[in-house]
Every structure is written in structure tokens, then in C-alpha cells.
């Protein structure tokens, strides 16, 4: 695995500017979902558990499935 570099600067309440070796992008977060200007997304499912994907257009299907799985896992762990 190689080295990587990333710097994030907050530019608004739920907005960041990201600078990395591959260029500059912006990120917008709403609740547990983050979408960046390159079309990638991330969903926080539980503390320490997240899902990252490559196409924000296809966000709804995997998020719904993973959210249901996270709820089921939480129910099993809690009870």
C-alpha cells in the first residue's frame, strides 16, 4: 500500500473542501450521508461502521439495505 495525502478544510456548516494528491473536491453532509463533488458517497450506519460507494445516483438501494441490516444487527446485540 502506498502513501496518501488528504487535507480537509471546513468552509460551511456541513461543507468541506478536500485537497489530495488527485485534486480538489467538495463534500456536503446531511445527517449520516456525505456526498462529494466527484460523485462518491459515504453513509454512517453506526459508530465505527460506515459504507462508502462510488456513485451517488445509486445511493438509495444500498443505503436502504445496509440500514435495515444495521438495525437488525443492533437489535440482536441489544437484546
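The values are calculated or read from the model by the stated rules, or taken from the named source; none is laboratory data. From a predicted model like this one, the values you see are computed outputs, not experimental measurements. Every residue, glycine among them, receives a Cβ derived from its backbone with ideal geometry; neighbour counts consider all protein chains shown.
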Return the residues of the stretch 29-49 that are in a strand (DSSP E or B) and surrounded by 14 or more Cβ atoms within 10 Å (Cβ to Cβ); say none if nothing qualifies.
29, 33, 34, 35, 36, 41, 42, 43, 44, 45
Being loosely packed, with under 15 Cβ neighbours inside 10 Å, within 13 Å of the chain's Cα centre (by Cα) and either modelled with pLDDT of 85 or more or assigned to a strand (DSSP E or B) (or both), is that true of even one residue in the stretch 53-61?
no
First in the stretch 4-20 and surrounded by 12 or more Cβ atoms within 10 Å (Cβ to Cβ), second anywhere and assigned to a loop (DSSP other than H, G, I, E, B) and at pLDDT below 90, Cβ under 9 Å, 6 or more apart:
18/37; 19/5; 20/4; 20/5
